[in-house]
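A short reminder: the numbers here are calculations on the coordinates, not readings from a lab. Because the structure is predicted, anything quoted here is derived from the model rather than measured. All Cβ positions, glycine included, derive from the backbone under ideal geometry; neighbour counts span all protein chains shown.
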Amino acid sequence: MKIDDETTDVMIGGYLSKAAADEDYESVLHCGARLWGAVVVSKDLEGNLTVEESDHAVEEGAAGLASVGFVVGLFAPPLLAATAIGAVIGAAGGEALHKKLEKGIGEKAGDTIPIGGAGLIVAYPRSAAETVEPAVTRAIQKVVGEAGGKHVKALKSALADAQTKMAEGTS
Amino acid sequence: MGGVDRSHLPIRRPAFAGTANRTLDGSQPDWNLIGHPTPPEGAPNVLLVLIDDAGFGNASTFGGPIDTPNYTRIADGGVKFNRFHVTALCSPTRAALLTGRNSHAVGFGSVGEFAGGFPGYSATLPRDCAPLPRILSDNGYSTAAFGKWHLTPDGQQGPAGPFDRWPNGWGFDYFYGILGGGSSQWDPCLAENQKIIGTPAEFYDDENPYYLPDAMADKTIEWVHDIRAQDAHKPFFVYFSTGCSHAPHHVGADWADKYKGKFDQGWDALREETFARQKELGVVPADAVLTARDDAFPAWDSLSDELKAFYARQMEVYAGFSENADHNVGRVIDAIEELGELDNTVILWVWGDNGASMEGTITGSFNELTMQNGIPLTDEMQLQLSERYGGLDAWGAAIMDPHYSAAWAWAGNTPFQWGKQVGSHLGGTRNPLVVHWPDRVTEAGSQRSQFTHVIDVAPTILDIAGIPHPETVDGIDQEPMHGTTFTASLTDGAAPEHRTQQYFETVGNRAMYKDGWWLAVKTERIPWVLTPAAIQPYAPGVWDPDRDPVELYYLPDDFTQANDLAAQHPEKVEELTALFWEEAERYKVLPLLATMSTFFGMLPPIPEDTKFEFRGDVQNVMSGMIPRVYNRSYSITADLVIPDGGAEGVIVAEADHLGGFTLYVKDGKLTHTYSMMGVFIFQQVAEEDLPSGDVTVRMEFAADGATPATGGEVTLFIDDRPVGKGRMDHTVPVRFSGYAGMDIGRDNGGVVDRAYEDKKPFAFTGTVKKVVFDLNLHTSAQDELDLHASAHQGQVAHGLSA
């Protein structure tokens, strides 16, 4: 089956540590399901950014995930649902997200990953959902976006859907 | 000084008994004039040791899993008391220990951090209750305190004093340690006598880093040697009060790793194992029953393997930390033995001041201050945050400020229920005591079961020294000590009970003991929960304490409080309830829950100062004394002189990477980093370089609103020109740190921004002329009042964990 032929799901997971994101990343890669790609992005305590990507789509001759701005899928809030007495964490709105998408990839990733935090993005065909989603066990917050259509457009749309859900705090 | 009147202190100098003629012709000197008070003949040295936040079932000496060879050595050469009692909170126990009086009666119904508006909660020692070290000092003892103090209110821990609330003011000739309730063991903000000396220089020595427990022993030994170098006979009183085992649990991996795998069985099994050993040792009667686990603690078997590993490491570190404390006390004892004075030194060693602490909540934490700031983190979040800072191998290192799960504390309090803060039950009120005095205690290795209380320690020391309790001190009539001596029980295991009655009260949890009967009244609030829903039932007009559920135990038959007899003996419940209220009134316990009055609108005046100036050489401003930047808009403005070629370094920094802020220059760029308790870290960097010459930089935080932990926008300015900005979605609502201070021109101790960790303390290479904090008041008076209330409620949460 080609990427264009079925619904594309994009999962975003937010983490408070790189180790937890790496664990889920490895788990996803080895879950046996067909993936379009997976990216783990993290920023250490000194502010250094690390991106690790497994771009299955490239193997299939499709455009690379990075080409659709994949690493911008993560943004800082909200990793936690409620963190302090009486505090309700604000979330970036859709408008802000679109602005982020227009920036350069590296800059965007740097802007959107909190210091010490990490994120995992996994794209996969809907048929793999039952295998992929249980493999992600350590995300503090996990959302899944979906879209159909041509693969680049589908990835973008699914990513945007996931981002919106992340911003709204839904899963 | 025979015939000296010791009932009025200071002891009066003798009148001149010689002759002073117009010339030396016929004059007779009186050399007594230049003498000084000496203790009664034979008065021994005293070493008083207090371990922090530990339970009855922690030390191996009392059947626990933590190896305490020195405690056992002293117990084997002395006597151990298995019915010794404390209050269920840090400062109250310390106040009672050092005054011989009930804690509320001397103003310490709660912790020293916050001084309340009721007599029993003022955190201010009445002048008619002179403490033990003052009495000993005035009677000729050399006195010194090392380690944790925790009897000085927040806001009074700086160079302006007042110093009568500091250790020297309580009668210690010398003090080296921490004024607050808890501290990093690696980079404490130290006090020495009447000065905050900050982070020790050895902190910066990677080869041989500073460690407070080691330094405490070093300093104690050095002080004793110095005393002996001057005076071969003068007795000394050493109060050795460890920061261990209070959070943060800091110890080298070599100590923690001794316990690898020893707690994999979990807290339920650990309690059973400890209980069996306690029976073997006889510190618990053979017919005692192990109390059951409350539903507040999860069953170990209900946890995932990942969490079991996480929690097991928490306890391994706690155990190593505690064994290290035993080791360092042992070093002090060895030094006294080497002087040949061990036989004439009375050692009183209390293992725990309030039972083990449950303030780590169920999850434990990579940073104990997250709880005190009301940040609800799940077990998975805690696990990931510990991974962020190095994982389980780094638990105990300086990069985290860890606390363990409350369930480990409960296990440490075996065989009893509950723990710290729960004054109604033995888990929070019964701790081991060992007394060693070879000159007088001849039944070495025996056990005593007389009901004793921490208020009895000071009268016992005075009794042993032959020093009467003074009638007046500085001309002020003294309130008698409430404790009584238990000296008789040191030499006679069959000595009659000297204490037949005692009240207990901590945060509304209360008990009345009389003739073996123990009335327990625990509020239904879980000790580590301070949510509005948990607090609301105790509001004025809502709470009727006489409707609280009561339990009744008869301790001679029920060592552990396992058999509630309240239903069978309503008359005893009534009698003890009435007696409690009498005692509560007598000893200034009332009003109950005065500690929490700020939750119910009883607030101190709102501070009026909104501008705070710090010159460039100010360092080590204690964490409770920094400008109140929490939950509001504020700015930090710094006047700098930048040399040609630029400058780098810290302009101002508060606390460290686990909570704090720093404004600094690196690579020519003005940078602001803000750590929201190590959970969120925000950073803003100027987009242009800092110019040379006289420069004014500013960081402005514009809060979203008048809410705790409010987010907001940060803007950086150079000479009033905006040069950078960014958002902070969350800010610290209560307090950045329990111990780390604020510095101008450098970042002492652990740094706020790890990006300059390799340059710490990253002193500014230009000149910081001054730093000014301007606090913006909220436009609504009600908002200000609400945040004022919130700040003080947060302080309660902090204080109760200290």
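Taking 30 Å as the limit for the C-alpha separation, the pairs B:Lys234/B:Lys588; B:Lys725/B:Lys760; A:Lys43/B:Lys420; B:Lys514/B:Lys588; B:Lys308/B:Lys760 exceed it in the case of B:Lys234/B:Lys588; A:Lys43/B:Lys420; B:Lys308/B:Lys760. Among the residues of B:48-60, the average count of other protein chain beta-carbon atoms within 10 Å of the residue beta-carbon is 0. Here the Debye sum runs over all C-alpha atoms of segment B:369-492 as equal scatterers in vacuum, and log10 of I(q)/I(0) at q = 0.09, 0.11, 0.14 Å⁻¹ comes out as -0.52, -0.69, -0.86.
More than 37 angstrom separation, counting every C-alpha pair in the protein assembly as shown; what % is that? Counting every Cα pair in the protein assembly as shown, those more than 37 Å apart make up 51 percent.
For chain B, the membrane-span-like helices by this rule, meaning whole DSSP H stretches whose C-alpha atoms cover at least 30 Å of axis and whose Kyte-Doolittle mean is -1.0 or above, are B:305-338; this says nothing about an actual membrane.
For segment B:435-523, which trypsin sites (Lys or Arg not before Pro) are in a loop by DSSP, counting at most 16 other Cβ atoms within 10 Å?
B:Arg440
Backbone amide hydrogens, once placed in the peptide plane, bring B:Val346 within less than 5 Å of B:Asn45, B:Val46, B:Leu47, excluding anything fewer than 5 places away on its chain.
Listed highest first by mean packing, meaning other Cβ atoms within 10 Å per residue, what order do B:43-49, B:94-100 come in?
On the way: B:43-49: 23.1, B:94-100: 28.4.
Descending packing order for the listed peptides: B:94-100, B:43-49.
Given the convex hull of the Cα atoms of segment B:228-272, what is a quarter of its surface area in nm²?
So the Cα hull casts an average projection of 6.5 nm².
Scaling the Cα radius of gyration of segment B:504-600 by the globular reference 2.2 N^0.38 Å produces a ratio of 1.12. Across peptide A:16-22, the average count of Cβ atoms from other chains found within 10 Å of a residue's Cβ is 6. Full extension of the segment from B:Thr767 to B:Glu338, taken as 0.36 nm per residue of separation minus the current Cα-Cα distance, would add 149.4 nm. Shape annotation for chain B: C-alpha extents along the principal axes are 87, 79, 53 Å, from largest to smallest. Amide H contacts of B:Gln447 (H built 1.01 Å from N, in plane; Pro and chain starts excluded): B:Lys80 sit under 5 Å, all sequence-distant by 5 or more or on other chains. Ellipticity at 222 nm from helices only: DSSP H runs of n ≥ 4 in the protein assembly as shown, each -39500 (n - 2.57), divided by the residue count, give -7000 deg cm²/dmol. The B:Asp689 and B:Leu24 beta-carbon pair, evaluated with R₀ = 60 Å, returns a calculated FRET efficiency of approximately 0.15.
You can think of it this way: the chain between B:Glu222 and B:Ser302 has 23.8 nm of extra reach, that is 0.36 nm per residue less the Cα-Cα gap.
Once the Cα-Cα distance is subtracted from the 0.36 nm per residue extended length, the B:Asp439 to B:Glu571 segment shows a gain of 42.8 nm.
Could you tell me what fraction of 2.2 N^0.38 Å the Cα radius of gyration of segment B:147-200 comes to, as a two-decimal ratio? Display every interim value, and only then the final one.
Values: Rg = 10.1 Å, N = 54, 2.2 N^0.38 = 10.0 Å.
Dividing the Cα radius of gyration by 2.2 N^0.38 Å gives 1.01.
Short to long, the 10 Å bins of the Cα pair-distance histogram for segment B:611-784 hold 11, 42, 37, 8, 1 percent of all pairs. When you count the other C-beta atoms within 10 angstrom of each residue and take the mean per peptide, B:484-493, B:623-632 line up highest first as B:623-632, B:484-493.
Between the alpha-carbon centres of segment B:31-84 and segment B:663-729 there is a gap of 52 Å. Taking a straight line from the alpha carbon of B:Lys759, these lysines sit under 18 Å away, with near neighbours fewer than eight places off in the same chain left out: B:Lys666, B:Lys669. When the P(r) of segment B:62-101 is calculated, the portion above 16 Å amounts to 55% of the C-alpha pairs. Cross-link reach is defined here as a Cα-Cα straight distance under 20 Å, omitting same-chain residues fewer than 8 places apart; for B:Lys611 the lysines meeting it are B:Lys769, B:Lys770. Which of the trypsin sites (Lys or Arg not before Pro) found in segment B:182-233 are loop residues per DSSP with 11 or fewer other Cβ atoms within 10 Å of their Cβ? Taking segment B:182-233 and a limit of 11 other Cβ atoms within 10 Å, no loop trypsin sites (Lys or Arg not before Pro) are found.
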